[in-house]
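*Asks:* I'd like to ask some things about the structure below.
The values are calculated or read from the model by the stated rules, or taken from the named source; none is laboratory data. What you see is a predicted model; the values in this text were computed from it and never measured. Cβ: placed from backbone, ideal geometry, glycine included. Neighbour counts: every protein chain shown.
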Amino acid sequence: MQTRMNIAQLTPELYRAVVALDSAVKKSGLDNRVSHLVKLRASQINGCAYCVNLHVKEALDDGLNAQMLHLVAVWRESPFFDSRDRAALEWTESVTLAAQSGIPDNVFEMARGAFSETEIAQLTIAIGTINIWNRIAVSSRLQHPVDEKSEARDVKGAIRSESI
């Protein structure tokens, strides 16, 4: 897959506006764990490999549990996630898939049971922001980096599978 375009170069003023929005979200006071879960889950839903890769690395750097991060895609089936995590993930899915979900009242009530209205507003803006980033990266066909260790393992794995 080849990168299609560089939106940051093509529309620098608009790109800077998205960066500023992202910066404001980071400074909003939204819980760090929740923020990582939102970014990762929305990126998974939107099929954004670049953002999934980035946000897993950031979450690991911030000390989140690696096994938990592997299970975000199946959060409903995992005991790693408490009621606050579950409310944030349910809200993330519903807002990210707004055209399909309609963002039902029961999902809002679940969020309201775990977050204040200000936190729900922060969470909603955070979800919207990661959705913007996902759309920029996916439409541009932005490629995630592959570190040398991963690349070496892939080559070894390919060699092993060819010899079987």
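*Asks:* Against the definition (at pLDDT 95 or above, within 30 Å of Gln2 (Cβ to Cβ) and outside any loop (DSSP other than H, G, I, E, B)), how does Arg76 come out, yes or no?
*Replies:* So Arg76 fails the test.
*Asks:* Follow-up. Any idea which residue in segment 112-150 is nearest to Val34 (Cα to Cα), counting only those that are of a type in the set (Gly, Ala, Ser), out of contact with any Leu (no Cβ under 7 Å at 6 or more places or on another chain) and at pLDDT 95 or above?
*Replies:* Filtering first and then ranking leaves Ala114.
*Asks:* Sticking with this one: From the residues in segment 51-67 that are polar (S, T, N, Q) and either within 10 Å of the chain's Cα centre (by Cα) or in a helix (DSSP H, G or I) (or both), which one is farthest from Ser35 (Cα to Cα)?
*Replies:* Gln67
*Asks:* Taking the stated definitions as given, is Ser35 part of a helix (DSSP H, G or I) and in contact with a Pro (Cβ under 8 Å, 6 or more places away or on another chain)?
*Replies:* Taking the combined requirement at face value, the residue does not satisfy it.
*Asks:* The conditions are (1) touching a residue at least 24 places away in the same chain (Cβ under 8 Å); (2) over 22 Å from Thr124 (Cβ atoms), and Leu54 fails exactly one of them. Which is it?
*Replies:* Single failed check for Leu54: (2).
*Asks:* While we're here: So if I check each of Gln67, Gln100, which one is within 21 Å of Thr124 (Cβ to Cβ) and either surrounded by 12 or more Cβ atoms within 10 Å (Cβ to Cβ) or modelled with pLDDT of 95 or more (or both)?
*Replies:* Result: Gln100 is the single residue among Gln67, Gln100 that is within 21 Å of Thr124 (Cβ to Cβ) and either surrounded by 12 or more Cβ atoms within 10 Å (Cβ to Cβ) or modelled with pLDDT of 95 or more (or both).
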